[in-house]
Amino acid sequence: MVLPSVMVLPLLIVMAAGVYYIYNEVMQYMAKSLVRNKVVMITDAVSGVGNECAHLFHKGGARLILCGANWDKLESLYNSLTNEADPSETFAPKLVILDFSDMESMEDVMSEVVDCYGCVDVLICNSSMKLKAPVQSVSLELDRNIMDINYFGPSTLTKGILPTMIPRRSGQIILVNSIQGRLAVPFRSSYAASKHAVQAFFDCLRAEVEEYGITVSTISHTFIDATVLPSPEEPASNPNSLAAFVASHLTHGVRPSVLANEIMRTVNRKKKEVMLAHPIPRVAVFLRSFLPSFLFAVLGAGVKDSVLAEQMQ
């Protein structure tokens with residue numbers, strides 16, 4: 001029996017979608033199996049991305065070290081993980097108070113981390129402090145605080161963890177950075193500066209530790225979109241509900257669950273650099289390298305438009 005020609009294209013699309021789905025499921029399963037019994041440390045585990053990573057790696061059988069500045073939130077995450085998982089197949093997470101704004105406590109924190117399992121196989125540096133303000137309104141104290149959390153914290157922690165990786169000649173360090181580590185945007189001078197600094201640190205580190213079998217990965221993403229999507233089981237309450245749902249999927253942000261899955265894939269594939277962004281930010285990064293004058297003109301015009309809009313309100 002010969003299929004009509006009009007049916008060939010839809011059939012090929014369905015088959016391609018099926019193969020893609022199966023491929024993703026297999027890769028996800030392989031990624032989880034590779035982290036089983038691995039010691040995985042996650043900073044700012046109580047954030048949206050950190051929480052998603054904790055659940056993903058815990059289900060994969062990793063030995064988790066969860067870090068955060070709030071003990072109550074860490075305990076809540078611990079209870080959520082242990083209540084959902086089979087204790088015969090998973091390990092109870094270790095909880096460590098870690099606050100990058102308190103750099104004097106870093107030495108004690110690193111000793112506590114090493115005491116948990118004696119080593120760290122995968123370090124996920126996820127902490128970040130954001131700020132949107134004109135340059136002249138940012139105090140030196142705030143500048144320093146942002147640099148502590150976004151640069152000095154991850155770099156100091158990494159230096160403390162490296163001695164557990166180098167003798168074993170294995171390990172992976174993942175920096176969950178921002179695309180602003182590669183592209184500076186107006187009104188985010190301190191934030192972009194700290195992200196550029198930490199990007200440069202990990203780029204240098206990658207070359208220095210390669211001979212020890214240690215992989216250094218950086219993931220540059222756009223802003224985190226933590227909005228709650230409407231449940232597909234809920235009936236439409238107004239005629240615009242479908243349009244709102246579609247619009248939410250067209251945002252240029254990255255959902256925490258998507259970023260967590262990308263982190264898991266990065267551990268699996270040991271990719272050294274990942275950009276998780278829609279086409280517009282990618283084009284902007286391209287323009288910064290090859291047509292900087294054009295990009296500067298566009299950014300400058302955008303600042304003028306925003307100032308004019310504020311004056312008219």
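Looking only at segment 190-217, residues that are of a type in the set (Ser, Thr, Tyr) and within 17 Å of Ile149 (Cα to Cα) come to 3 in all.
For beta carbons closer than 8 Å, sequence separation of 6+ or different chains, a first residue in segment 141-154 that is more than 17 Å from Ser105 (Cα to Cα) and open to solvent by 30 Å² or more (accessible area, probe 1.4 Å) and a second that is in a helix (DSSP H, G or I) and hydroxyl-bearing (Ser, Thr, Tyr), the qualifying pairs are Leu142/Ser190; Asp143/Ser190. Of all residues in segment 164-206, those that are on the phi > 0 side of the Ramachandran plot and of a type in the set (Phe, Trp, Tyr) total 1.
Taken over segment 175-191, the criterion of being assigned to a helix (DSSP H, G or I) and surrounded by 21 or more Cβ atoms within 10 Å (Cβ to Cβ) is satisfied by Ile179, Gln180, Gly181, Ser190, Tyr191. For segment 192-206, the set of residues classified as touching a helix residue (DSSP H, G or I) at 6+ places or on another chain (Cβ under 6 Å) and either closer than 25 Å to Ser293 by Cα or not in a helix (DSSP H, G or I) (or both) consists of Ala192, Ser194, Lys195, His196, Ala197, Gln199, listed by residue number. Given the structure, is Lys130 open to solvent by 20 Å² or more (accessible area, probe 1.4 Å) and not in a helix (DSSP H, G or I)? Here the answer is yes, as Lys130 does meet what is asked. Entry remark, segment 158-172: residues being open to solvent by less than 10 Å² (accessible area, probe 1.4 Å), within 21 Å of Leu34 (Cα to Cα) and polar (S, T, N, Q) number 1 in total.
Among the criteria (1) assigned to a helix (DSSP H, G or I); (2) closer than 20 Å to Asn268 by Cβ, the one Gln172 does not fulfil is (1). Would you check if there is a residue in segment 243-261 being in a loop (DSSP other than H, G, I, E, B), at pLDDT 85 or above and open to solvent by less than 80 Å² (accessible area, probe 1.4 Å)? So far as segment 243-261 goes, yes, one or more of its residues are in a loop (DSSP other than H, G, I, E, B), at pLDDT 85 or above and open to solvent by less than 80 Å² (accessible area, probe 1.4 Å).
The values are calculated or read from the model by the stated rules, or taken from the named source; none is laboratory data. Note that the structure is predicted; figures quoted are calculated from it, not measured. Here the Cβ is made from the backbone with ideal geometry for all residues, glycine too, and neighbour counts use every protein chain on show. Heavy atoms of the whole protein, side chains included, go into the accessibility calculation; ligands, DNA and RNA do not. Shrake-Rupley method; radii C 1.70, N 1.55, O 1.52, S 1.80 Å.
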